[in-house]
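Derivation of every value follows stated rules applied to the coordinates shown; laboratory data play no part. For clarity, every value in this text was computed on a predicted model and none was experimentally measured. Note: ideal-geometry Cβ built from the backbone for every residue, glycine included; neighbour counts use all protein chains shown.
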Ligand SMILES: [Zn+2]
Ligand SMILES: [Zn+2]
């Protein structure tokens with residue numbers, strides 16, 4: 001009798017765990033509604049990466065953005081987050097893994113947005129506040145914190161090779177194989193692992209010697225190096241390819257994106273009825289997405 005009870009208990013626990021883990025890993029909700037035109041306009045005005053995509057790629061990007069926002073909560077802490085902020089967070093999540101169609105972030109469910117930088121105790125009012133973003137561990141597992149200022153700056157300034165939100169999502173990608181070590185095993189094909197580690201070590205030495213334009217913070221360790229140069233790769237790909245050809249090539253392998261041939265620019269003009277539609281169809285806005293705008 002007792003043995004039967006034990007067996008049944010084990011079975012119940014196994015089934016329960018199966019559903020919990022299955023739910024965590026691939027049970028992302030799928031968006032069912034059309035992508036709002038207002039969001040499309042915001043992307044075209046704020047996200048250079050989006051503008052560089054073909055009409056078909058834009059559709060895929062939009063779907064992934066919508067999917068991310070459906071499955072990851074974005075919460076303002078002592079600050080309001082509007083839809084533009086949310087779209088910037090989602091873009092930062094999608095840009096690095098855009099080439100990986102089946103990628104779902106299994107290690108995040110909430111992004112906390114703080115008004116500005118914070119210190120190690122998560123205070124935003126001290127004089128020692130210098131953290132602009134972090135991936136949570138321990139009781140903060142599954143969460144990320146971003147400074148709103150840093151988030152917005154990352155997309156506003158297109159030349160300084162900084163994008164805090166992309167930096168943090170690259171840490172999450174790095175972490176998804178179990179170790180935040182600068183080696184994103186899930187993206188990196190095996191034959192590139194050794195060359196990648198060798199190159200990181202060489203480049204970190206250059207950071208120490210002060211003869212590089214890579215943000216010195218990248219010299220902290222391999223994980224920081226990977227995140228720092230990923231910001232560079234997505235924001236100034238042509239410059240990176242020029243100055244650090246080998247590094248550029250390996251990042252192109254890792255992210256599987258030919259960034260240097262992308263035309264990164266934002267739509268600086270207001271979208272009006274007669275301007276080209278931001279979806280990239282080639283039609284006028286009024287004859288395309290603008291038709292359904294309310
Ligand atoms: Zn970092
Ligand atoms: Zn359109």
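A few notes on this one:
- Working from Cα pairs under 8 Å separated by at least six residues, relative contact order for the chain is 18 percent.
- A crude spin-label estimate for the pair residue 190 and residue 177, with each label 7 Å from Cα along the Cβ direction, gives 1.2 nm.
- Fraction of antiparallel bridges per DSSP, the chain only, in percent to nearest 5: 35 percent
- The calculated pair-distance distribution of region 55-118 uses every alpha carbon pair, bins of 10 angstrom beginning at 0, and gives 20, 52, 23, 5 percent.
- The base-10 log of I(q)/I(0) for the chain, evaluated at q = 0.08 Å⁻¹, reads -0.39 [Debye formula, identical scatterers on Cα atoms, solvent excluded].
- Under 15 Å from a label point set 7 Å out along the Cα-to-Cβ vector of residue 265, the amide N atoms of region 47-90 belong to 47-53.
- When only alpha carbons are used to place a centre, region 243-262 and region 57-102 end up 23 Å from one another.
- Highest mean first, the peptides 85-91, 248-254 sorted by other C-beta atoms within 10 Å per residue fall in the order 85-91, 248-254.
- Available extension along the chain between residue 249 and residue 283 is 8.7 nm, counting 0.36 nm per residue and deducting the alpha carbon span.
- Figure legend: label point modelled 7 angstrom from the Cα of residue 60 along Cα→Cβ; residues of region 254-293 with amide N under 12 Å from it are 256-258.
- Taking N as the residue count of region 148-294, its C-alpha radius of gyration divided by 2.2 N^0.38 Å amounts to 1.26.
- Among 159, 116, 106, the residue with the largest mean-square fluctuation in a Gaussian network model of the chain, with springs joining Cα atoms closer than 10 Å, is 159.
- Based on Cα contacts under 8 Å between residues 6+ apart, region 177-268 shows a relative contact order of 25 percent.
- GNM flexibility winner over the chain from 177, 101, 256 (Cα, springs under 10 Å): 101
- Per-residue [θ]222 nm for the chain (sum of -39500 (n - 2.57) over DSSP H runs n ≥ 4, rounded to 500): -15500 deg cm²/dmol
- Over region 170-230, relative contact order from alpha-carbon pairs under 8 Å, at least 6 apart, %: 33 percent
- Subtracting the Cα-Cα distance of residue 102 and residue 238 from 0.36 nm times their residue separation leaves 46.2 nm of extension gain.
- Whole-angstrom Cα spans of region 100-208 along principal axes, big to small: 47, 34, 27
- Contour minus Cα-Cα distance for residue 153 and residue 77 (0.36 nm per residue): 25.5 nm
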